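For reference, the structure is listed below as C-alpha cells.
The values are calculated or read from the model by the stated rules, or taken from the named source; none is laboratory data. Note that the coordinates shown come from a computational prediction; the quantities given were computed from them, not determined experimentally. Neighbour counts run over all protein chains shown; Cβ positions are idealised from the backbone, glycine included.
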C-alpha cells in the first residue's frame, strides 16, 4: 500500500503508464463539478467510481481484496479510516467473485486516516477495509480509480500426461 498527498502524485508515475494516467486524472478533475457515478478514463483498463456516503462504524466494515484491479482511493472531501492487512492475517468468508472482482475476508489489520486530498494505492496483495468512521460517521466524497492489472483468470487445471509405453518421455534435442 502507498499513502500520500495528491500533490506528490508524480513520485509514483514510474509505477507505470496506467498508474500515471489515473493519478493525472485525479490531479486534473474538478470532482465538485461531477455527479457520483462511474466514469471512463481508458475503457476497462482505467475507470473512476465517484461516491458520496457517510463513513461507517468499524463493526459494519468488511475486509476486501481484488485480483483484476489496483485501487487508487482518493478522498476529495471528508476523512475516513482505511484498514490494510496481509493475506496471512485473514480468512476468506466469501470466495472470489470475478464479476465484482472481490473476495471478502474476516481478520485483523491496521488502520490509517485517509485524509482529504490524500490517496492510497492498494495492490491486489493489499487486503483493505475502506470507509470506516473516525469516532462518528461523517460525509465523505471519494474517488476510487480502478487500474487494470491485466489479470487473467487461470484456465482449468491441465492434467499432465505420465510417461508410458504408448507415451514415452520426450528427449530434448541437442542444439
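Quick notes
- Selected residue (only one of 11, 26 is buried (at least 16 other Cβ atoms within 10 Å of the Cβ), modelled with pLDDT of 95 or more and outside any loop (DSSP other than H, G, I, E, B)): 26
- Any chance residue 148 is without any contact (Cβ under 8 Å) to a residue 40 or more places away in the chain and either surrounded by fewer than 19 Cβ atoms within 10 Å (Cβ to Cβ) or more than 19 Å from residue 5 (Cβ to Cβ) (or both): no
- Some residue of the range 29-41 being in contact with a strand residue (DSSP E or B) (Cβ under 9 Å, 6 or more places away or on another chain), modelled with pLDDT of 95 or more, closer than 23 Å to residue 1 by Cα and in a strand (DSSP E or B): yes
- Some residue of the range 68-84 being in contact (Cβ under 8 Å) with a residue 24 or more places away in the chain, within 14 Å of residue 129 (Cα to Cα), out of contact with any helix residue (DSSP H, G or I) (no Cβ under 9 Å at 6 or more places or on another chain) and outside any strand (DSSP E or B): no
- For residue 100, the stated conditions hold: it is in a loop (DSSP other than H, G, I, E, B), closer than 26 Å to residue 35 by Cβ and within 14 Å of the chain's Cα centre (by Cα).
- Members of the range 5-24 found to be under 17 Å from the mean Cα position of the chain (by Cα) and closer than 15 Å to residue 142 by Cα, listed by number: 22, 23
- If you go through the range 115-128 and keep only what is buried (at least 18 other Cβ atoms within 10 Å of the Cβ), assigned to a strand (DSSP E or B) and out of contact with any helix residue (DSSP H, G or I) (no Cβ under 8 Å at 6 or more places or on another chain), you end up with 120, 122, 128.
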